[in-house]
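Notes to accompany the following structure.
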């Protein structure tokens, strides 16, 4: 029972790290990445669709993304969706191919992105601590109902705290890597 609780906590904390990495993929650096466009939705025959389901998105070179819609009539719709997104990219259209050049990041913009990355990391830390709080509350309930001994509860508390510390250190490592990536010119 305690093992299941700890295993569940570890899985939930790992999901927090995975979610942070996903957020960081969407954060624009100086390099082109198809992950930048994953959250862009396109109006397709009356419904919102992810861009990847209506077009082929590739990295053309280090600073350019190329979007090739499967239906040529979708070109203006995709352009509009990209302009409407919060990416700050301007599409260049040549026939059926939409090219998205990545502008070089200014020092000020890099600092803003680092600040945003730190904010996202803090949110992930809070999520990990919330998992810890939930597990600690479950342990207290188990102790009240005499399902575990005080020694087992104390040992489980220590193990959950070690688990929390490990995942917070992992989040800090992910942040340091992203910060280095953002500040690299």
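Values quoted throughout were computed directly from the atomic coordinates according to the rules given, and no laboratory measurement underlies them. Just so you know, these numbers come straight off a predicted model, no measurement behind them. In this analysis, Cβ positions are derived from the backbone assuming ideal geometry, glycine residues included, and neighbour counts consider all displayed protein chains.
Got a sec? How would 13, 136 order by Cβ neighbour count within 10 Å, fewest to most? Working shown, then result.
Working: 13 26, 136 17.
Going from sparsest to densest Cβ surroundings: 136, 13.
Once you keep just the Cα pairs under 8 angstrom separated by 6 or more residues, what percentage relative contact order results for the chain? Write down the numbers at each step before the final one.
Numbers: 209 pairs, mean separation 45.2, N = 185.
Rounded, it is 24 percent for the chain.
Given points 7 Å out from each Cα along the Cα-Cβ axis, report the residue 21 to residue 108 separation in nanometres with one decimal.
3.5 nm
Once every DSSP H run of n ≥ 4 in the chain is given -39500 (n - 2.57) and the sum is divided by its residues, what mean residue ellipticity at 222 nm do you get, rounded to the nearest 500 deg cm²/dmol? Could the numbers behind the result be given before it?
Working: 4 runs with 107 residues, N = 185.
Result for the chain, helices only: -20500 deg cm²/dmol.
I want to check the label-to-label distance for residue 92 and residue 161. Put each point 7 Å from Cα in the C-beta direction and report it in nm to one decimal.
Computed distance between label sites residue 92 and residue 161 equals 5.8 nm.
If the elastic network links every pair of Cα atoms under 10 Å, which of 52, 127, 94 fluctuates the most in the Gaussian network model of the chain?
Residue with maximal mean-square fluctuation among 52, 127, 94: 94.
Which FRET efficiency value, to the nearest 0.05, do you get for residue 129 and residue 35 by plugging their Cβ-Cβ distance into 1/(1 + (r/R0)^6) with R0 = 30 Å? All intermediate terms of the calculation are to be shown ahead of the outcome.
On the way: r = 27 Å, r/R0 = 0.91.
The value I calculate is 0.65.
Out of these labelled values of mean projected area of the Cα convex hull in nm², (i) 10.0; (ii) 13.3; (iii) 9.1, which was calculated from the coordinates shown here?
Derived directly from the coordinates: (ii).
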